[in-house]
Amino acid sequence: MIVLRTPEGKKVVVNTEVDECLYEAPHNPSNTDSRFTRGTDYYAHKARSGKVYFYSYHWSMWQREDSGYDLLTDEEIRSILVDKAGLSNWGLGGAERQRAEKYFPGIFDEDA
């Protein structure tokens, strides 16, 4: 459980074990190869007030590299999810796309 603060100073208590994961970066065990030994996962947290907060969790399997959390705006997470959906490898999977649509209906609809 981690406490983050909004720009207004409100406390948001997040927990990657219970909050909804919108995108999980690929992971490799540290004894296989170093390609996926750090990454950023994205989550949705529903506060007691009912408001949904989005945040990132940057992780690393390397010693002396810090992990960290950041609150994201709706616009930031929406842009990240659209970018991830455009990746041919390690992009959004089917379940992740459905979760993104849950928070942002029509997010993947063509607008060109």
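The values are calculated or read from the model by the stated rules, or taken from the named source; none is laboratory data. Remember, it's a predicted structure, so these values are computed and weren't measured experimentally. Here the Cβ is made from the backbone with ideal geometry for all residues, glycine too, and neighbour counts use every protein chain on show.
Going through the stretch 42-82 one residue at a time, which ones are surrounded by 16 or more Cβ atoms within 10 Å (Cβ to Cβ), out of contact with any Leu (no Cβ under 9 Å at 6 or more places or on another chain) and hydroxyl-bearing (Ser, Thr, Tyr)?
The answer is Tyr57, and nothing else.
Please give the number of the condition Arg97 fails out of (1) under 27 Å from Asp111 (Cα atoms); (2) modelled with pLDDT of 95 or more; (3) among the basic types (Lys, Arg).
(2) is the only condition that Arg97 fails.
What pairs can you find where one residue is in the stretch 40-63 and under 15 Å from Arg99 (Cα atoms) and of a type in the set (D, E, K, R), the other is surrounded by fewer than 19 Cβ atoms within 10 Å (Cβ to Cβ) and modelled with pLDDT of 95 or more, and their Cβ atoms are less than 6 Å apart, with a gap of 6+ or different chains?
Lys46/Val52
So that you can scan it fast, the table gives a plain yes or no per residue for (1) closer than 26 Å to Val13 by Cβ; (2) among the hydrophobic types (A, V, I, L, M, F, W, C):
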{"site": "Ala47", "(1), (2)": "yes, yes"}
{"site": "Tyr55", "(1), (2)": "yes, no"}
{"site": "Asp66", "(1), (2)": "yes, no"}
{"site": "Asp70", "(1), (2)": "yes, no"}
{"site": "Ile77", "(1), (2)": "yes, yes"}
{"site": "Gly91", "(1), (2)": "no, no"}
{"site": "Ala95", "(1), (2)": "yes, yes"}
{"site": "Phe104", "(1), (2)": "yes, yes"}
{"site": "Ala112", "(1), (2)": "no, yes"}
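In the stretch 92-112, what count of residues is obtained for those that are in contact with a strand residue (DSSP E or B) (Cβ under 8 Å, 6 or more places away or on another chain) and either among the basic types (Lys, Arg) or exposed (fewer than 14 other Cβ atoms within 10 Å of the Cβ) (or both)?
Number satisfying all stated conditions: 1.
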